[in-house]
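Shown next, in structure tokens, is the structure this report addresses.
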Amino acid sequence: MDNDGGMTDESVAGSSGSNDLPFGHGYVGDPAVQTEWDARYADQQRLWSGQPNGALVAELAGLTPGRVLDVGCGEGADAVWLAGVGWEVTAIEVSGVALERAAKHARDAGVTVQWVHAELARAKLPRASFDLVSAQYPALLRTPDASAERALLAAVAPGGVLLFVHHAEIDAQHAHEKGFDPADYVWPATVAALLDDDWEVELDEQRPRVAPESGAGARPVDDLVLRARRLR
């Protein structure tokens, strides 16, 4: 971190300041996690809609652009949209396949994003440096020390906002048939449970999703939306 709170290329594990660099090397995290998500993305030419998440767009109305961390950026739709409306974007993702697509999306849109190829809890992100930390439907695994939840909170600057959005309705039986347990993942409630007097909860609700017209997430469902501001 430099003196004004900004990041150098050396301060973030697995980072790239260019939209042109490949993401085959420098990953920081569990190789099995990267392999799993690379396989999911490689199985389809495009996994998501390519449009920014509706809750993100809605909740940013009225916020002054600053530094934002996009957690689990996938193919880059949120990161590119954020950069296009004036935010200085750092985007983190475990899948190198997804990051390649995200970087191309950014090049095509003519915006610059700092990409970080790492798991959130192991990325060595600068503490208290982001005016917004956005986590839109992230697949963050829970650990006994709540490392992912604490990494989310630690990244938010005083006066900044954490926006955490996730699925409100998960069919546990269907999830188990697909090979995962929803209880293994971080949810808005597990993050909210760690908030102390340094935080003000501005919004914690379930509401209908503003969905894209096509792609994953297009069907009408509800979201859980947690928006909390760090006071100090």
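The values are calculated or read from the model by the stated rules, or taken from the named source; none is laboratory data. All figures in this text were calculated on a predicted structure; none of them were measured in a lab. Backbone-built Cβ (ideal geometry, glycine too); neighbour counts: all protein chains shown.
Residues to consider are GLU149, GLU202; find the one that is under 18 Å from ALA58 (Cα atoms), acidic (Asp, Glu) and at pLDDT 95 or above.
From the options GLU149, GLU202, the qualifying one is GLU202.
Which residue pairs have Cβ atoms under 7 Å apart, sit 6 or more places apart or on different chains, and have a first residue in the range 102-122 that is closer than 12 Å to TRP81 by Cα and among the hydroxyl-bearing types (Ser, Thr, Tyr) and a second that is surrounded by fewer than 24 Cβ atoms within 10 Å (Cβ to Cβ) and at pLDDT below 95?
The qualifying pairs are THR112/ASN19.
Report, by residue number, each residue of the range 137-151 that is part of a helix (DSSP H, G or I) and in contact with a helix residue (DSSP H, G or I) (Cβ under 6 Å, 6 or more places away or on another chain). Spell out how you get there, then give the answer.
First, the residues of the range 137-151 that are part of a helix (DSSP H, G or I): 147-151.
If the condition is that a residue be part of a helix (DSSP H, G or I) and in contact with a helix residue (DSSP H, G or I) (Cβ under 6 Å, 6 or more places away or on another chain), then SER147, ALA148, GLU149, ALA151 are the ones that fit.
For a quick check of your reading of the model, give me the residue pairs whose first member lies in the range 138-166 and is without any contact (Cβ under 8 Å) to a residue 40 or more places away in the chain, whose second is in a helix (DSSP H, G or I), with beta-carbon atoms closer than 7 Å and at least 6 apart or on different chains.
Listed pairs, sorted by first residue: SER147/ALA121; ALA148/LEU120; ALA148/ALA121; ALA151/LEU120; ALA151/ALA121.
Is there a residue being closer than 23 Å to ARG209 by Cα and crowded, with 24+ Cβ neighbours inside 10 Å anywhere in the range 94-104?
The answer is no; no qualifying residue exists.
Mind counting the residues in the range 99-131 that are touching a Pro at 6+ places or on another chain (Cβ under 9 Å) and part of a strand (DSSP E or B)?
1
Out of GLY50, GLY84, GLY66, report the one residue that is surrounded by fewer than 19 Cβ atoms within 10 Å (Cβ to Cβ), at pLDDT 95 or above and in contact with a helix residue (DSSP H, G or I) (Cβ under 7 Å, 6 or more places away or on another chain).
On the way: GLY50 fails: at pLDDT 95 or above; GLY66 fails: in contact with a helix residue (DSSP H, G or I) (Cβ under 7 Å, 6 or more places away or on another chain).
On inspection, the qualifying residue turns out to be GLY84.
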